[in-house]
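Where a number appears in this text, it was derived from the coordinates with a stated rule and is not lab data. This one's a predicted model, so the numbers in the text were calculated from it and none came from an experiment. Neighbour counts are summed over all protein chains in view; Cβ atoms, including those assigned to glycine, are modelled from backbone coordinates with ideal geometry.
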Amino acid sequence: MTKTKTAFVAKNLLIGSGTQAIFLILSFINRTVFIYFLGKEYLGLDALFTNILMVLSFAELGIGNAIIFSLYKSIIDRNEARIKAIMALYAKAYCIIGLTVFTVGLLVIPFLDLFIKNPPNIPENIPLLYFLFLLNTTISYLFSYKKAIFSADQKEYIINVSQQVFYLIQSAVQLMYLYSTHDYIGFVIIQVLSTFGLNVFLAIYANKKYNFLKGKTTEKLEKAEVKSIFQNVKALAMYKFGSIIMNGTDNIIIGAFLGLGVVGIYSNYLLIIAAVVTVLSRALNSITGSIGHLNNADNDAKKEQVFKQLFFIVAWIYFLFSIILFNVINPFITLWLGESFVLGTGTVLAIIASFYVNGMQFPGYTYRTTMGLFRQGRYVPIVMAALNIILSIIFATHFGLTGVIVATIISRLVTTTLIDPYLVYHLGFKKRVDGYFAMYLGYASITVIAFVASIPVMNWIYKGTWLTLILGVATLFILLNIVYFAIFYRKAECQAIIERLKRLVLQSFS
């Protein structure tokens with residue numbers, strides 16, 4: 001990467017991680033107050049509606065990734081007319097998507113009872129609550145296409161900062177309102193208004209920063225290019241469908257087979273995992289724009305070299321966080337909410353395994369999308385989605401919540417975990433993929449060994465108090481980093497990362 005790319009990565013990384021740390025703190029404060037004033041039933045309802053609307057977001061079809069990919073070359077070439085034409089196409093597509101999601105969402109209302117095994121005993125009108133969630137989702141499509149240009153132009157930090165400022169205001173207003181009224185409907189309405197405000201702000205800021213976006217579009221994309229974009233969209237629709245089924249149907253199946261109470265308890269674990277994933281994603285996604293520029297400009301050898309460095313970083317991150325999360329999550333929830341909100345060790349192990357498997361896909365996924373490998377392997381997510389639904393229903397009846405999570409792990413492992421890196425190596429690097437899987441197994445083996453060794457260490461330190469929990473986290477963090485660094489210090493990827501950090505420090509002081 002060039003000096004400019006490195007600087008962009010560093011800026012996006014620092015700001016993305018910092019803003020998400022704030023988001024993490026606010027999320028836990030918000031959830032704590034939410035549970036205290038409203039309880040598990042509202043928590044389960046909140047999680048269920050979120051998942052139903054995640055499924056409806058299939059209408060987005062992955063257009064965002066296709067548009068961002070098509071913007072990379074135009075931004076590198078500084079072709080403003082073409083950028084504006086692509087953005088105009090994106091705007092029309094998102095208008096249609098928003099209307100589609102809203103219409104289909106309304107059609108779901110008569111069937112809401114099918115998703116709730118034991119209807120909650122709450123005074124609010126459930127269809128009205130669902131409508132507000134639907135409205136919030138629909139609003140997000142109005143101006144969100146403008147965010148694409150920030151991502152493609154390596155300025156992800158603008159989105160991060162804007163989102164966190166609005167979330168800070170939203171959380172403060174929601175908490176004050178909930179404390180004063182205990183009213184859930186007003187709580188959701190505040191969220192809707194915040195979503196609208198964020199999207200309007202980003203649209204205005206994009207027009208100000210990229211003046212050429214304002215006014216009518218004079219240049220039109222060639223038919224061949226529009227056809228290529230929509231061919232990518234068709235392929236991405238399948239990936240989008242698979243992703244939604246993997247991430248959006250678990251709570252629906254749990255709610256239907258096991259009840260909203262289980263959904264509510266599980267959602268606290270998901271909140272913690274999602275908070276960590278979001279922090280990590282903000283940090284790692286800061287690299288995506290630069291990877292996109294790299295894959296549209298440099299040779300295959302350079303691409304593979306950077307890929308291995310990215311995989312090394314991701315493996316380190318998920319080695320560290322998977323082990324710490326397993327040792328910390330139950331003690332944390334016990335101290336935070338009480339033992340009645342705690343899941344069994346086997347279920348927690350499945351949650352962490354799913355977190356690890358999902359996270360380790362990041363390098364393959366990122367390279368596949370930034371290389372424009374959308375159409376190849378497009379049927380794999382459909383197989384993954386179908387397998388997940390079948391296994392989740394079967395396992396839910398026999399193994400409960402743990403079975404649903406294990407079904408997701410299996411479905412992911414036998415599909416995208418195998419195919420994404422194959423496509424990247426075979427079509428991107430023009431090489432065999434064997435080396436990738438050997439690399440994956442090597443990192444995973446070290447993680448398993450360290451995981452087993454960490455348990456007695458944490459048990460020895462943690463004594464049921466916040467102080468010993470914090471001490472345990474700090475001890476594991478230090479020891480695990482020392483172990484990982486000692487094992488891989490001489491590895492080429494580790495040395496390359498050290499050199500990049502040295503150059504970045506020198507650039508900062510030059």
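Observations, loosely collected:
- Length added when fully stretched, LYS208-LEU349, from 0.36 nm per residue minus Cα-Cα: 46.0 nm
- Ordering of 196-204, 157-165 by packing [mean C-beta count within 10 Å, highest first]: 157-165, 196-204
- For the stretch 378-383, 3J(HN,Hα) per residue [Karplus equation, 6.51 cos²θ - 1.76 cosθ + 1.60, θ = phi - 60°, Hz, x = Gly/Pro]: 5, 7, 4, x, 5, 4
- ASN79-ALA172 pseudo-label distance in nm [points 7 Å out on the Cα-to-Cβ vector]: 4.5 nm
- Each residue in MET384, MET176, MET439 was given a count of other beta-carbon atoms within 10 angstrom of its own, and listing them fewest first yields MET176, MET439, MET384.
- Within the stretch 129-215: Cβ-based charge dipole about Cα centre, in debye rounded to nearest 20 (Lys, Arg +1; Asp, Glu -1): 380 debye
- Distance between the C-alpha centres of the stretch 458-500 and the stretch 159-178: 33 Å, rounded to the whole angstrom.
- Extension gain, ILE487 to ILE449, is 12.4 nm, computed as 0.36 nm per intervening residue step minus the present C-alpha separation.
- In this structure, the residue pairs whose Cα-Cα separation is over 27 Å, taken from LYS155/LYS430; LYS155/LYS502; LYS84/LYS308; LYS223/LYS431, are LYS155/LYS430; LYS84/LYS308; LYS223/LYS431.
- Whole-Hz Karplus values for the stretch 453-469 come out as 5, 6, 4, x, 5, 5, 4, 6, 8, 6, 10, x, 10, 4, 4, 6, 5 Hz, taken residue by residue from phi with 6.51 cos²θ - 1.76 cosθ + 1.60 and θ = phi - 60°; glycine and proline positions read x.
- Residues SER194, SER411, SER445, ranked from the fewest to the most other C-beta atoms within 10 Å, line up as SER445, SER194, SER411.
- Counted residue by residue at 0.36 nm each, then reduced by the alpha carbon distance between them, the extension gain from LEU106 to ALA438 reaches 114.7 nm.
- Listed peptides 345-354, 416-425, 458-467 appear in the order 416-425, 345-354, 458-467 once ranked by packing, highest mean of other Cβ atoms within 10 Å at the front.
- With the highest mean first, a sort of the peptides 470-477, 184-191 on other beta-carbon atoms found within 10 angstrom per residue produces 184-191, 470-477.
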